[in-house]
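Colleague: I have a structure here, written as structure tokens, and I will follow up with some questions on it.
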Amino acid sequence: MFVVGGSASQQLSKELAKSLKGTLAKVEIKRFPDDECYVRIDDDLDGEDVFLVQTTWPDKNIIELFLLQDAIKEFDVSSLTTVVPYFGYARQDKQFRSGEPISARALAKLIQLNTDEFMTVDVHTPSVIDWFEDVSAKNVPGYPAVGRFLKGKGIQLVLSPDEGRADNAKRVADVVGCDADFLVKERLDGETVHIAPKSLEVKGKKVAIVDDIISTGGTIAKAAESLKEQGASRILAVCTHGLFAGEALKKLRAVCDEICSTDTIENPTTCISVASEIARVAKD
Ligand code: R5P
């Protein structure tokens, strides 16, 4: 069994090769002077089960994924599983206005053309998986890995930024062995918004706010500010997919004690690996 790592997912590919007891393939990836992508696999993949790992963000990594799929299929592989740890465009999962594409569907249609199976992690809208009509597709939950990490940090309360993600916070909290709640926003006047857990107190507690994606950091930074005012002793901002657009990290570092994300997007806050979760689901 071989794992082929795209340039967006080098760390995770290495970990996945270990978890699957497979071999990390030797891959050359470079850019031509005009920025077109070149890939070459320097291992013989004939007869092998192959896992290709590549996050589809930012955009140039999508093209790289298609080229790697094609290079792998040039061998006589036994099977190809395409693993997209962070599925870019999953938030454009419907037409919000007429004339728009359903971007997540557009990507799903193209990815499945050249693979036997598909896997992703904590996809923003689970129904995106249904657009993989021609191949087996699985959404791997990241919460066990996040929960194990937070358990080691002595977290006492896991919060989701809103009711919509409350189930995930509960699953994480169950792994940690602590309470869970979700945050509720209340507008006090034109300029003031009060954010607090629906039912539980944060005073004196080590709290983790857990979300699937951090993009601008606005959601978590506002929540962390309120929780500090309410006496939380320590605040960890945790996400599966750390996009950290623009000044997000600076904004979060000003109000959170620690920021952690998984290796679905490799960035300076990556400290949790979802490799064992992917391997577990792959073996199911
Ligand atoms: C929204 O539905 C997502 O779950 C995240 O809460 C959102 O993407 C976070 O965005 P930002 O970091 O820009 O507040």
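Colleague: Please label the shape of region 143-272 as rounded, prolate or oblate, based on the square roots a ≥ b ≥ c of the eigenvalues of the alpha-carbon gyration tensor (a/c under 1.5 means rounded; beyond that, a/b larger than b/c means prolate, else oblate).
Modeller: Values: a/c = 1.61, a/b = 1.13, b/c = 1.42.
Verdict is oblate for region 143-272.
Colleague: Quick one: of the DSSP bridges fully inside region 2-140, what percent are antiparallel, nearest 5? Write down the numbers at each step before the final one.
Modeller: Numbers: 5 of 25 bridges.
Around 20 percent antiparallel, to the nearest 5.
Colleague: By how many nm would the segment from residue 270 to residue 187 grow when fully extended, if each residue of separation counts as 0.36 nm and the alpha-carbon distance is taken off? The partial results should precede the final answer.
Modeller: Values: separation 83, 0.36 × 83 = 29.88 nm, distance 3.37 nm.
Separation in residues times 0.36 nm, less the Cα-Cα distance, equals 26.5 nm.
Colleague: Also, quick follow-up: Please check: in the Gaussian network model of the chain (C-alpha springs, under 10 Å), which one of 105, 171, 97 has the largest mean-square fluctuation.
Modeller: 97
Colleague: Which pairs in the list 206/228; 206/250; 94/138; 185/205 are over 18 Å apart, alpha-carbon to alpha-carbon?
Modeller: 206/250; 94/138; 185/205
Colleague: A further question on this structure: Treating only the Cβ atoms of Lys and Arg (+1) and Asp and Glu (-1) as charged, compute the dipole magnitude of the chain about its Cα centre; round to the nearest 20 debye. Write out the running numbers ahead of the final one.
Modeller: Working: 35 positive and 45 negative charges, 255 e Å.
About 1220 debye.
Colleague: Please check: in the Gaussian network model of the chain (C-alpha springs, under 10 Å), which one of 177, 217, 190 has the largest mean-square fluctuation.
Modeller: Of the options given, 190 has the highest mean-square fluctuation.
Colleague: Now for a different question. Using the Cα centre of the chain as origin and beta-carbon charges of +1 (Lys, Arg) and -1 (Asp, Glu), tell me which of 99, 176, 227 is placed farthest towards the positive end of the dipole.
Modeller: Of 99, 176, 227, it is 227.
Colleague: Tell me the per residue accessible area of region 79-160 using a 1.4 Å probe; a whole number in Å² is fine.
Modeller: Working: 3590 Å² over 82 residues.
Here the residues of region 79-160 average 44 Å² of exposed surface.
Colleague: Using a probe of 1.4 angstrom, how much of the accessible area of the chain is carbon and sulfur, in percent? Could you put the intermediate results ahead of the total?
Modeller: Numbers: 6290 of 13460 Å².
Answer for the chain: carbon and sulfur cover 47 percent of the accessible area.
The values are calculated or read from the model by the stated rules, or taken from the named source; none is laboratory data. Since this is a predicted model, take the numbers as computed values, not measurements. Counting neighbours? That spans all protein chains shown, and the Cβs are built from the backbone with ideal geometry, glycine included. The protein model used for the area step is the full one, side chains on, heavy atoms only, and it has no ligands, DNA or RNA in it. Shrake-Rupley method; radii C 1.70, N 1.55, O 1.52, S 1.80 Å.
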